[in-house]
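Student: Before anything else, here's the structure in question.
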Amino acid sequence: MMIEKEHYVVEVTGEGIIPVSEKETLLEAALLARIPIFHECGGNARCSTCRVLVLEEAHALSPPNEKEKMLSDQMRFPPNVRLACQTRVKGKDVKVSRIIRDKSDISLYVGSNAGESTQQIGEEKELALFFLDIRNFTAFVETRFPFDVIHIIRKLFTTFLEKVEQNHGKIIETSGDGLYAVFGFDQDPETAVDWAVKAGFSILSGLEDLNENYFKIYFNQIIEIGIGINAGIAVGGNIRLGKENRMVVMGHAVNIAARLQNATKELNNNFIISADAFKLLSTPPHHYQTTFISLKGVSSPLQVYLLGEHYL
Ligand code: FES
């Protein structure tokens with residue numbers, strides 16, 4: 001006697017609800033329903049273009065088979081990313097989203113070498129988010145010879161990067177006059193904030209040393225900076241820009257950290273952290289002040305802690 005296989009439905013966000021039987025893979029069901037999931041290797045777990053993000057009821061999917069496990073490990077996919085060509089549906093209310101939606105998306109996520117370790121995407125984590133900016137940079141550039149500016153910037157950034165890395169942080173972006181770093185990819189949020197704050201103090205004391213023993217003496221210049229730190233959930237992943245893989249870390253908590261850094265001018269204090277970050281500190285600094293500040297994009301005033309010094 002033939003046993004009838006179960007049928008379920010799966011929601012593919014923004015594209016429809018499709019019937020899926022246990023006999024077929026998610027890819028086969030999607031193609032039958034005219035949802036054009038890419039499948040460059042023909043469904044053999046050799047390309048990853050069919051990957052989907054599982055948004056709900058991941059437990060109602062078949063566990064990854066050996067082929068999928070191998071590819072997922074190689075490309076460091078988080079557990080909520082599955083290959084549609086290897087996945088079967090075993091239960092109700094599954095919701096997925098296609099990741100690769102057109103040909104240009106393929107080049108965003110898939111390198112020529114599928115084994116590159118930088119292909120990890122879309123990981124959400126609670127992190128310490130660190131922004132630093134050099135004060136009065138434009139005026140400084142305008143009044144200096146370009147080679148002097150480059151020399152000073154090099155010296156500054158060597159110190160900044162060294163201190164961030166010594167404290168287990170990762171630089172996400174640098175601009176001419178600032179940087180954005182993240183702490184906590186490999187640590188819990190408490191440790192991440194401890195490291196981020198330690199990096200901030202270490203940078204400030206390194207800068208004091210540079211000002212006293214170098215910039216003042218050789219350039220008659222004092223450099224000041226502002227640092228803002230927030231803690232919160234952010235999404236980190238790699239995107240391909242041309243031939244390069246770039247890490248991005250985004251989210252509302254990141255925007256708040258950037259705005260805190262901006263607020264250092266208004267609050268006349270060179271090191272500001274949010275209350276969310278402060279409460280995670282294992283040993284808060286002895287000297288600090290606290291106040292509330294309104295930030296763009298944040299509905300109510302935010303409590304912040306001023307850990308640094310006034311500007312000169
Ligand atoms: S189609 Fe290539 S891995 Fe699924």
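Student: Normalising by the residue count of the chain, find the relative contact order in percent from Cα pairs under 8 Å and 6+ residues apart.
Tutor: 15 percent
Student: So what's the angle, to the nearest 10 degrees on a 0 to 90 scale, between helix 66-75 and the longest Cα principal axis of the chain?
Tutor: Orientation of helix 66-75: about 20 degrees from the principal axis.
Student: Going Cα to Cα from residue 216, which lysines come in below 21 Å? Please leave out same-chain ones fewer than 8 positions away.
Tutor: Answer for residue 216, where 21 Å is the Cα cut-off: 155, listed by chain and number.
Student: Same structure, new question: At a temperature of 20 °C and a viscosity of 1.002 mPa s, determine how fast the stretch 7-114 diffuses translationally according to Stokes-Einstein, using the Kirkwood radius over alpha-carbon pairs as Rh; express D in µm²/s, rounded to the nearest whole number.
Tutor: On the way: Rh = 13.6 Å.
Value of D from the Cα-based Kirkwood radius: 157 µm²/s.
Student: A further question on this structure: Along the Cα→Cβ direction, 7 angstrom out, place labels at residue 147 and residue 97. What is the inter-label distance in nm?
Tutor: 5.2 nm
Student: Express the relative contact order of the stretch 7-114 as a whole percentage, based on alpha carbon pairs under 8 Å and six or more residues apart in sequence.
Tutor: Reported as a whole number, the value is 36 percent.
Student: Oh, and also: Any idea which of 143, 75, 250 is furthest toward the positive side of the dipole for the chain, if Lys and Arg beta-carbons carry +1 and Asp and Glu beta-carbons -1?
Tutor: Going by the charge dipole, the pick is 75.
Student: Would you please give the residues with an amide H less than 5 Å from that of residue 172, counting only those at least 5 places away or on a separate chain, with H modeled from the backbone geometry?
Tutor: Under 5 Å from the amide H of residue 172: 180, 181, 182.
Student: Take peptides 39-52, 285-298 and line them up by average Cβ neighbours within 10 Å, highest first, as a rough protection proxy.
Tutor: Per-residue Cβ counts within 10 Å, averaged per peptide and sorted highest first, yield 39-52, 285-298.
Student: Oh, and also: Quote to one decimal, in nm, the extra length available between residue 282 and residue 73 on full extension: 0.36 nm per residue of separation minus the C-alpha distance between them.
Tutor: Extra length from residue 282 to residue 73 when fully extended: 71.8 nm.
Student: Give the long-range amide H neighbours of residue 55: residues separated by 5 or more places, or on another chain, with amide H under 5 Å away, using H modelled in the peptide plane at 1.01 Å from N.
Tutor: Answer set, sorted by chain and number: 95, 96, 97.
We did not get these values from a lab; they are worked out from the coordinates using the rules stated. Nothing here was measured: the structure is a model prediction, and the numbers come from that model. Neighbour counts are summed over all protein chains in view; Cβ atoms, including those assigned to glycine, are modelled from backbone coordinates with ideal geometry.
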